[in-house]
1. What residues of region A:165-208 lie in the reach of a label at A:R84, counting those whose backbone N is under 17 Å from a point 7 Å from the Cα along Cα→Cβ?
2. Considering just Cα atoms, how many Å³ per residue does the convex hull of region A:1-40 enclose?
3. Rounded to the nearest 0.05, what FRET efficiency do B:Q160 and B:R3 give with R0 = 35 Å and r taken as the Cβ-Cβ distance? Could you check?
4. Under the Kirkwood approximation applied to all pairs of distinct alpha-carbon atoms, what is the hydrodynamic radius of region A:94-214 in Å?
5. Calculate one ³J(HN,Hα) per residue across region A:97-106 by plugging θ = phi - 60° into the Karplus curve 6.51 cos²θ - 1.76 cosθ + 1.60, and present them in order as whole Hz with x for glycine and proline.
6. What FRET efficiency would be calculated for the residue pair B:S128, A:H91, taking the C-beta separation as r and a Förster radius of 45 Å, to the nearest 0.05?
7. For region B:12-18, just list the computed ³J(HN,Hα) in residue order, Karplus coefficients 6.51, -1.76 and 1.60, θ = phi - 60°, integers in Hz, with x standing in for Gly and Pro.
8. To the nearest whole number, what is the average tally of beta carbon atoms from other chains within 10 Å of the beta carbons of peptide A:23-35?
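Computed from the coordinates by the stated procedures, all read-outs in this text should not be read as laboratory data. What you are looking at is a predicted structure, and each value in this text was computed from that prediction instead of being measured. So basically every Cβ, Gly included, is an ideal-geometry build from the backbone, and we count neighbours across all protein chains shown.
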Amino acid sequence: MYDVNDRLSALAKRPGSPPSELTIAGDLRRGAAALRRRRARRASVGVAVAISTLGVAVAVLQQPASDNPVPKQHATTSKPADGRLTLIAYHGKQLPGFKVRQIPSGYVLQGSTANVLAIAEPGDHSSVDDFRRKLVVTVTEATENERIHGSPVDVGDHRGAIRTGSDGVTMLQYHAGRRLVNVQAWSNLHLTREQVVKFAEGITVTAHAVNVLG
Amino acid sequence: MNRDQEFEVFVRKSRARLLRVATNLTAGDPHLAEDLVQTTLVRLYVAWPRVRRTHVDAYATRTLVNSLIDQSRRPYVRRESPLDHLPERAAVVTEREDEADTDVLDALGTLPPRMRTAVVLRHVEGFSLKEAADAMNCGVGNVKSQASRGLDKIRAALSQRGETRCTT
């Protein structure tokens, strides 16, 4: 006879086999590669900041004293003092499966697959399927039993729900025909719920997108 | 020793434990467990100069738990909702002990990630309330209530399967 506690603690007693040399080598290789990527990313951000600072300094020096010293385009792409991003109109190249009207300032379309669109900071070379520190859109097959949780919101003509987890990750879901569109904003973006909804209203899922089956 | 040598020593010593914890945290999903362990080890490697000055095993467990929570936030995972009953398994002849483990793992799989984490850390790994709270980055009271509610749900799930031998 076992009670629940005994049966749970028995799970910890299962023997585990020691890792093979190949596994250990793989762990070291992945770790070293991640460290290289991080150092490269930091270096590129440092260079970008230096170039940006130099550019602003040159622009200020070249302008007459009576001119506005802060070029407007720099002002619109910087974060406001409260750390929140602003949404700006997007006129760049669209990616297969999705069309977007607005993106957070300072962010770029990182990439897309048949069912994921990732918007990330420039220089983010992580997988499109890695959703950390990004604004992502995914489409999934909506089923009759599909339930979405959160505060009800309207996304254009669609009914949806939005919720924010304890770690600040915001998730908006809405039905669009047979599709369930999921918009997830990682906490570092500090987007408000209204901004997430506004962003979602600018999304068009095209025929190239393929629903993930639940 | 340099970073690689120190890290290798840690991997040799702790990988099997991490994989076991991850397997329990994922309710017996070996592929997801391996993914979580790899993610955890990458994060540890990158932060190694800072990690090596701390209690590395505790840091690793916390990172593993964070990886599970991060993974569960992905939309295609989040939309999975718990079933209101445990699915039938294919009839496989196993030894009694293994079958019991599978039943418990199935029941663990019906819990939300944080509740499952609380149950696994407290009742499988034997963490103290404080250790579990540190690993989950939340308060002791939260761990206590999540673990308690999780246990109740596991009992209910097991009894639903006709586990009459389960005594509480």
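1. A:165, A:168-172, A:185-201
2. Details: hull volume 3.3 nm³, N = 40.
Convex hull volume per residue, Cα atoms: 81 Å³.
3. On the way: r = 50 Å, r/R0 = 1.42.
Rounded to the nearest 0.05, the efficiency is 0.10.
4. Numbers: mean 1/r = 0.0700 Å⁻¹.
Taking every pair of different Cα atoms in region A:94-214, averaging 1/r and inverting gives 14.3 Å.
5. Working through the residues one at a time gives x, 9, 10, 10, 9, 9, 9, x, 4, x Hz.
6. That gives a FRET efficiency of 0.20.
7. Each residue of region B:12-18 in turn: 4, 7, 10, 4, 4, 5, 4 Hz.
8. Counting other chains' Cβ atoms within 10 Å and averaging over A:23-35 gives 6.
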